[in-house]
């Protein structure tokens, strides 16, 4: 079995889409369905789910047609397929029909392991639809979205976009396409590079985006700016807990690049991000980092119920980070 990306998967007698990331799985199926229709508009499309999962369902839709049209068959929930269909598929893998494309979507779990092992042994192409969890992988995902649209985005803008919308890949993709459309040049004009300012305009009001802006200002020692940004977030009703969490994430990244021997590869960061953090880390030492992380830990404890005034706890944390940097 050979892994292929959703955006490069090609028609084959059998294709496996495996993983719990719905966006990637759905895109792979849509791409294959579109390719099948482009290859032959008369293609018969079948969805083996619900009432269509009776005995002999696979044989019925894959058997040679009276009119000879190609067929495109999707099993959208292979992990929940009845035993009879799994048994049919085990036999079908041995000798698939050449004018039929069968797309098997397995959304995770151990059920159907025998069939998955058989597909692997048979060399069936597999689209990996595993969850995209790491920030670096999400940034790579967004960069690819822009590249496919033949557009460019500043590295700093890319980070801000993922910071603001990275909790849900589908939302991240939708926002990326909205940003691409909103900044598309008129006919005859040169396409512009999407900037940090444009991302900030789009993400205005997002707690994560605001919190990372506060963190950037605090880490740079710009106390007045950081407190102004924090006040704006608090006036907009932002919850203190995610603000502290976002700032803690940024400070942990700074501490990581400060460790001896740290590199973009060992930390799982893009090269440019590690370079930017390393440049800022020159203004910090072990003692100042420890003070800043202590201020964050105290604020985290207080905003989760140990303090009387969560808003003041966050404000004190920001001042503590700025002062730790200045103290060196």
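Against the longest principal axis of the chain, how steep is helix 223-235, in degrees 0 to 90 to the nearest 10, with axes from Cα atoms?
Approximately 60 degrees, to the nearest 10.
For segment 135-202, what does the relative contact order come out to in percent, with C-alpha contacts under 8 Å and a separation of six or more?
Details: 66 pairs, mean separation 27.1, N = 68.
Answer for segment 135-202 is 40 percent.
What distance in nm separates the two pseudo spin-label positions at residue 282 and residue 148, each 7 Å out from Cα along the beta-carbon direction?
For the pair residue 282/residue 148, the computed spacing is 3.9 nm.
Using only the Cα atoms, work out Rg/Rh for segment 31-139, with Rh taken as the Kirkwood radius, to two decimals.
1.00
Nearest-5 percent of antiparallel DSSP beta bridges in the chain?
Antiparallel bridges: around 0 percent, rounded to the nearest 5.
Using alpha carbons only, how many degrees (0 to 90, rounded to 10) separate the axis of helix 207-219 from the longest principal axis of the chain?
40
With the contact rule set at Cα under 8 Å and sequence spacing of 6 or more, what percent relative contact order holds for segment 207-327?
Relative contact order here is 33 percent.
Quick one: compute the contact order of the chain, relative version, from alpha carbon pairs under 8 angstrom and 6+ residues apart, as a percent.
About 15 percent, as a whole number.
Rounded to the nearest 0.05, what FRET efficiency do residue 5 and residue 225 give with R0 = 56 Å and r taken as the Cβ-Cβ distance? Could you check?
The pair residue 5/residue 225 has a calculated efficiency of 0.85.
Can you give the three extents of the C-alpha atoms in the chain along their principal axes, from longest to shortest, in whole Å?
Result for the chain: principal-axis Cα extents of 81, 52, 40 Å.
Between the alpha-carbon centers of segment 19-58 and segment 224-297, tell me the distance in whole angstrom.
45
Per 10 Å bin from zero, what fraction in whole % of the C-alpha pairs of segment 207-327 is there, up to the bin with the longest pair?
Reading the bins upward from 0: 14, 47, 30, 8, 0.
Points 7 angstrom from Cα along the Cβ direction at residue 267 and residue 47: gap in nanometres?
4.6
Give me the number: length gained by fully extending residue 63 to residue 327, i.e. 0.36 nm times residue separation minus the C-alpha to C-alpha distance, one decimal in nm.
Details: separation 264, 0.36 × 264 = 95.04 nm, distance 7.66 nm.
Value of the extension gain: 87.4 nm.
With a ≥ b ≥ c taken as the square roots of the eigenvalues of the C-alpha gyration tensor of segment 135-202, please select rounded if a/c is under 1.5 and otherwise prolate if a/b is larger than b/c or oblate if it is not? Don't skip to the end; give the middle numbers.
Working: a/c = 1.83, a/b = 1.66, b/c = 1.10.
Because a/c hits 1.5 or more and a/b exceeds b/c, segment 135-202 counts as prolate.
Just to confirm the number: angle between the C-alpha axis of helix 286-301 and the first principal axis of the chain, 0 to 90 degrees, nearest 10?
Approximately 70 degrees, to the nearest 10.
Residue 130 to residue 40: extension gain in nm, 0.36 nm per residue of separation minus the Cα-Cα distance?
Full extension of this stretch gives 29.3 nm more.
Work out Dmax and Rg for segment 24-74 from the C-alpha atoms and quote the Rg first, both in angstrom.
Calculated on Cα positions, Rg and Dmax stand at 11.9, 35 Å.
Just subtract the alpha-carbon distance of residue 191 and residue 113 from 0.36 nm times their residue separation and send over the number in nm, one decimal.
The residue 191-residue 113 span can extend by a further 23.3 nm.
Any read-out appearing in this document is the output of simple, stated calculations on the displayed coordinates, not a laboratory observation. Fair warning: this is a prediction, and the values are worked out from it, not measured in the lab. Note: ideal-geometry Cβ built from the backbone for every residue, glycine included; neighbour counts use all protein chains shown.
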